[in-house]
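Below is one structure, written out as structure tokens; comments come after it.
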Amino acid sequence: MSDEPTSQPDERMDGRVDTDGVARQRPVYTESQVIMTTVKAVIPFVMTYGLFITFHGADTPGGGFQGGAIIASVVLMIAFAFGIESTRAWLANSTVVGLGTAGVFLFGAIGFGPILLGENFLEYTAYYPVFGDLLGLKEYEFVKYGMEAVEIVGIAFIVSGILMGLFFALAAGDSHSEPNEADLREGELRDGVDSATFGGESDD
Amino acid sequence: MTSIIAPTVIQSVGITPLEVALFVFILITAVLTALFRDVLAAIVIFAAYSLGLAVVYTFYRAPDVGLTEAAIGAGVTTVFLLLTIAKTTRPPTDELFEPINWPAVAVCGLFALVVGSTLTAFPAVGDPNSPILTNPEVTGYYLENAYDETGAKNAVTSVLAAYRGFDTFGEAVVVFAAGIASLLVLGREVFTA
């Protein structure tokens, strides 16, 4: 692609070239009927595949990590098709943070529970005397369903939540370089205060 | 993928044309990733490299690793890299390739030689007498007992979530910590609105 004449190096960008001749790429969203329709058609299948990989990880290749990544990629696709900023507004921060935090908490709870019952970390069979009659499961089944629980509510929650979060955090970028913050920082520098480098926004 | 296959079933058949094609593809994409001057082109080629790697893993009967490489390496990493160049500059250029940095090539070549010198110590792919397949204490134990002890047909899952569950807990917490660290580095308090 680079053997094209450089007279329009910013063809795929937003058409603006800064004074130094460097094409600054801005995350400009271009509404595309093709991409939106494709994503709409593909999402149900990707979501189903991600859930299958997660839930069926004990018997087939896959598991919480791979499944969680595929589920997170659904949100990434939505963001690419419908715009990162509108997806950011649609997806509540509590969902993203909740997925990650609940994952760590539930994995920890399942793992440390047996220690409270006098067994080792993640010793799933320790739950048998407590929940065996309630759930109607045999002792060896506790290992399988315990592993499934760890894969689903532990790993898949964490990975899907954090990958979504990383995507939006990366897309938003450094809060220090946002215009209003930059103005603040300039003012501070004029006053000879160099605390801006250490997180001047704490004074806000 | 059944975990209860006897290790001796796997036989080395030498290197097949498919493997040769995959390795050539991976080598070419790896070199092109380093050589392309345009960052966008390098990212796209890097995604192709990850995809080739995922196929190789699947070919060598490691579908769990292949899935991870395809989802994380080819998918999510590419998206993150694309986001990164969207936030930075992409200098226009006439050149298709980066000028070759010969000292760097020499260092990389030396490194490849050092790593390559260990290749002769490796057993052939699928060799039934290789230590990994004849070791009764670790591999043999998992392959023989994973299904009876955990009820999971995928021995990889039983190692990850049961036998080595504490490691997995640590890894999962590392992923969580990466999310927190990204917020700290970017000076933000929320991921989304």
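Points worth noting:
Conditions tested, residue by residue: (1) within 17 Å of B:Ala161 (Cβ to Cβ); (2) surrounded by 21 or more Cβ atoms within 10 Å (Cβ to Cβ).
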| site | (1), (2) |
| --- | --- |
| A:Gly108 | yes, no |
| A:Gly113 | yes, no |
| A:Tyr127 | yes, yes |
| A:Asp133 | no, no |
| A:Lys144 | yes, yes |
| A:Glu151 | yes, yes |
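- Count of the range B:86-131 residues, restricted to those that are of a type in the set (Ser, Thr, Tyr) and more than 25 Å from the chain's Cα centre (by Cα), is 3.
- Test for B:Thr78: is it outside any helix (DSSP H, G or I) and of a type in the set (Ser, Thr, Tyr): no
- Among the candidates B:Ala181, B:Ala152, residue that is within 9 Å of another protein chain (Cβ to nearest Cβ) and either open to solvent by 30 Å² or more (accessible area, probe 1.4 Å) or assigned to a loop (DSSP other than H, G, I, E, B) (or both): B:Ala152
- So A:Gly67, is it modelled with pLDDT of 50 or more, in a helix (DSSP H, G or I) and more than 23 Å from B:Thr88 (Cβ to Cβ): yes
- Residue match in the range B:122-143 (condition: exposed (fewer than 13 other Cβ atoms within 10 Å of the Cβ) and facing chain A (nearest Cβ under 10 Å)): no
- If the condition is being at the interface with chain A (Cβ under 7 Å from one of its Cβ atoms) and either touching a Phe, Trp or Tyr at 6+ places or on another chain (Cβ under 9 Å) or touching a residue at least 40 places away in the same chain (Cβ under 8 Å) (or both), then the range B:169-178 contributes B:Phe169, B:Ala172, B:Val173, B:Val175.
- Qualifying residue in the range B:78-86 (condition: open to solvent by 90 Å² or more (accessible area, probe 1.4 Å) and out of contact with any helix residue (DSSP H, G or I) (no Cβ under 7 Å at 6 or more places or on another chain)): no
- One residue from A:Leu137, A:Leu189, A:Leu116, A:Leu184 being over 23 Å from the mean Cα position of the chain (by Cα), at pLDDT 90 or above and more than 8 Å from chain B (Cβ to nearest Cβ): A:Leu116
The values are calculated or read from the model by the stated rules, or taken from the named source; none is laboratory data. Keep in mind the model is a prediction, meaning the values are calculated, not measured. Ideal geometry is used to build each Cβ from the backbone, glycine not excepted, and the neighbour counts take in all protein chains shown. Please note that ligands, DNA and RNA were not included when accessible areas were found on the heavy atoms of the full protein model with its side chains. Shrake-Rupley method; radii C 1.70, N 1.55, O 1.52, S 1.80 Å.
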